[in-house]
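Below: one structure, written as structure tokens.
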Amino acid sequence: MENDNGKAKYFTLMEQLKEDILSGKIRAGEKLPSENQLAEQYQISRHTVRKALSILENENYINAHHGKGTFCSERMIHRHDSHNIAVVTTYISDYIFPRLIQGMDRVLGENGYSIILKNTGNSRTNEIRVLQEMLTKPIDGLIIEPSKSQILCKHLNLYEMLDKYEIPYVFIQGTYPQMLEKPRIVMDDARGGYLLTKYLIETGHENIAGIFKADDSQGAQRHLGYTRALQEAGFPYDPEKVIWFHTEDRKQKPPLILNQLLDRKIPVDAIVSYNDQIANLVIQTLRDRGLSIPEDISVTGYDNSTIAEAGQIGLTTIAHPQERLGEMAAELILEQIHHVPESESQVERLIQPELIVRQSTRNRKHIKS
């Protein structure tokens, strides 16, 4: 049987009880209503209730004691002496993240802490699941890269539960719009986008397209820097030369729209890419059209990942202090654990970008002279 929302009744009950536990409505050690009481309250069978409770027990939210009843797990009482730090990133398998984790592990290990590593695949649903899981585990702190950080966070209740349990957390790479006051370590991405675009303008490029990610704050900030550099140089902002994409279509949309743009004969002599991965995709798309990089079109990346040096061509990009960012995040969460006031913090919160010039861009000034 399903409810009007299309979910099975046992699943709806399980979600409701889980929310009550995570919100503190049902406290650690508290006895839950009996199966009969839940069945009557939610107008469902005892079998359906039993199925929901079984899931919660398997996930360690509740414990059943024969002859006594079902109780909210004592594990929901957080004791801050586990020496575990949860680290939640969007991806862990490639790109900049392995070195990011290395930096964290070095600092945390030296201070007697272990890492519980999770990734979300940049999915809000997965982030909710991971946070719910972390709220049931003994952790002293949390370092998290928010999923789709440009979009309003709809699971603030989970962060409020972290606050309630006095579990400090630090954002890296971005922050949700409603949580800008929370501790965070980010790069000045607006400055990075500005430096790339300004460099292209200074080297004689006049028709500069941009490709940016719409659902994270890095994409929005890099686009802001791109726009600022164009305006400063007196170049018109042309929305037709700006391609926006989302996490789900990151591999398909940039080459599709770029091909459409070029098919329409819109002049382009340079492309500012959201990151090195997108730049690599752009280069392959241009080469498939018979264009040369940088002779026909200059291309920039962002992050100075392994792709920037070992890819199809050396990428002009922005340096990303991958291991150092990990170290800084670890240092900041340790300060939060030890209640160091922000006025006394020794950790830099805003990383300044550095331009790295390689073979994917060229100086066009001498061509015109």
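Quick one: Ile85 ticks every box in (1) in a helix (DSSP H, G or I); (2) over 24 Å from Thr12 (Cα atoms); (3) of a type in the set (A, V, I, L, M, F, W, C) bar one, so which box is it?
Against the list (1) in a helix (DSSP H, G or I); (2) over 24 Å from Thr12 (Cα atoms); (3) of a type in the set (A, V, I, L, M, F, W, C), Ile85 comes up short only on (1).
Criterion first (in contact with a Pro (Cβ under 8 Å, 6 or more places away or on another chain), hydroxyl-bearing (Ser, Thr, Tyr) and either surrounded by 21 or more Cβ atoms within 10 Å (Cβ to Cβ) or modelled with pLDDT of 95 or more (or both)) does Thr317 satisfy it?
Working: in contact with a Pro (Cβ under 8 Å, 6 or more places away or on another chain): no; hydroxyl-bearing (Ser, Thr, Tyr): yes; either surrounded by 21 or more Cβ atoms within 10 Å (Cβ to Cβ) or modelled with pLDDT of 95 or more (or both): yes.
In short, no.
Look at the stretch 117-174 and say how many of its residues are in a loop (DSSP other than H, G, I, E, B) and among the β-branched types (Val, Ile, Thr). Break it down into steps so the answer makes sense when it comes.
As a first pass, look at the stretch 117-174 and keep what is in a loop (DSSP other than H, G, I, E, B): 120-123, 135-140, 145-155, 165-168, 173-174.
Subset that is among the β-branched types (Val, Ile, Thr): 120, 136, 139, 151, 167.
Summing the residues that are in a loop (DSSP other than H, G, I, E, B) and among the β-branched types (Val, Ile, Thr) in the stretch 117-174 gives 5.
Say whether the condition of being without any contact (Cβ under 8 Å) to a residue 24 or more places away in the chain, over 30 Å from Ile144 (Cβ atoms) and of a type outside the set (Val, Ile, Thr) is met by at least one residue in the stretch 311-331. Before you say what the answer is, go through the steps one by one.
Residues of the stretch 311-331 without any contact (Cβ under 8 Å) to a residue 24 or more places away in the chain: none.
No, the stretch 311-331 contains no residue that is without any contact (Cβ under 8 Å) to a residue 24 or more places away in the chain, over 30 Å from Ile144 (Cβ atoms) and of a type outside the set (Val, Ile, Thr).
Which residue out of Arg349, Arg289 is over 16 Å from His205 (Cβ atoms) and either touching a residue at least 60 places away in the same chain (Cβ under 8 Å) or among the polar types (S, T, N, Q) (or both)? Before you say what the answer is, go through the steps one by one.
Values: Arg289 fails: either touching a residue at least 60 places away in the same chain (Cβ under 8 Å) or among the polar types (S, T, N, Q) (or both).
On inspection, the qualifying residue turns out to be Arg349.
Quick one: in the stretch 20-37, of everything that is touching a residue at least 12 places away in the same chain (Cβ under 8 Å) and part of a helix (DSSP H, G or I), which residue is farthest from His65 (Cα to Cα)? Talk me through it step by step, then tell me what you get.
Taking the stretch 20-37 first, the residues touching a residue at least 12 places away in the same chain (Cβ under 8 Å) are 21-24, 26-32, 34-35.
Checking which are part of a helix (DSSP H, G or I) leaves us with 21-23, 35.
Working: Ile21: 18, Leu22: 21, Ser23: 23, Glu35: 13 Å.
For the stretch 20-37, the residue satisfying everything is Ser23.
Which residue, of Ile208, Ile201, is closer than 18 Å to Arg264 by Cα and either surrounded by fewer than 19 Cβ atoms within 10 Å (Cβ to Cβ) or among the hydrophobic types (A, V, I, L, M, F, W, C) (or both)?
Values: Ile201 fails: closer than 18 Å to Arg264 by Cα.
Answer to the selection: Ile208.
Which number in (1) touching a strand residue (DSSP E or B) at 6+ places or on another chain (Cβ under 6 Å); (2) modelled with pLDDT under 90 marks the one condition that Phe171 misses?
Only one criterion in (1) touching a strand residue (DSSP E or B) at 6+ places or on another chain (Cβ under 6 Å); (2) modelled with pLDDT under 90 is unmet by Phe171, namely (2).
Which one of these is surrounded by 20 or more Cβ atoms within 10 Å (Cβ to Cβ) and of a type in the set (Asp, Glu): Glu133, Glu166, Glu145? Give the derivation first.
Working: Glu133 fails: surrounded by 20 or more Cβ atoms within 10 Å (Cβ to Cβ); Glu166 fails: surrounded by 20 or more Cβ atoms within 10 Å (Cβ to Cβ).
One residue alone meets the criteria, Glu145.
Counting only residues that are among the small types (Gly, Ala, Ser) and either over 30 Å from Val170 (Cα atoms) or not assigned by TED's automatic domain parsing to the domain that holds Pro168 (or both), give me the helices (runs of 4 or more DSSP H) lying completely in the stretch 285-369 with at least 2 of them. Steps first, please.
Numbers: elements: 306-310, 322-337, 365-368.
The qualifying helices (runs of 4 or more DSSP H) are 306-310.
Inspect the stretch 26-38 for any residue being surrounded by 14 or more Cβ atoms within 10 Å (Cβ to Cβ), out of contact with any strand residue (DSSP E or B) (no Cβ under 8 Å at 6 or more places or on another chain) and within 28 Å of Asp163 (Cα to Cα) and give the result as yes or no.
Looking for residues that are surrounded by 14 or more Cβ atoms within 10 Å (Cβ to Cβ), out of contact with any strand residue (DSSP E or B) (no Cβ under 8 Å at 6 or more places or on another chain) and within 28 Å of Asp163 (Cα to Cα), one finds at least one in the stretch 26-38, hence yes.
Can you tell me which residue in the stretch 106-127 is farthest from Tyr302 (Cα to Cα), limited to those that are in contact with a strand residue (DSSP E or B) (Cβ under 6 Å, 6 or more places away or on another chain) and not aromatic (Phe, Trp, Tyr)? Steps first, please.
Step one: of the stretch 106-127, the residues in contact with a strand residue (DSSP E or B) (Cβ under 6 Å, 6 or more places away or on another chain) are 108, 113-119.
Among the residues that remain, those that are also not aromatic (Phe, Trp, Tyr) are: 108, 114-119.
Numbers: Leu108: 28, Ser114: 31, Ile115: 28, Ile116: 28, Leu117: 25, Lys118: 24, Asn119: 22 Å.
Ranking the candidates gives Ser114 first.
I'd like the full set of residues that are under 22 Å from Glu74 (Cα atoms) and crowded, with 16+ Cβ neighbours inside 10 Å, limited to the stretch 95-130. Quick ask: steps written out before the conclusion?
Within the stretch 95-130, the first condition is being under 22 Å from Glu74 (Cα atoms), and the residues that meet it are 116, 128-130.
Selection gives Ile116, Ile128, Val130.
The values are calculated or read from the model by the stated rules, or taken from the named source; none is laboratory data. These numbers were taken from a predicted model, which means no experiment stands behind them. Cβ sites come from the backbone with ideal geometry, for glycine too, and all protein chains shown count toward neighbours.
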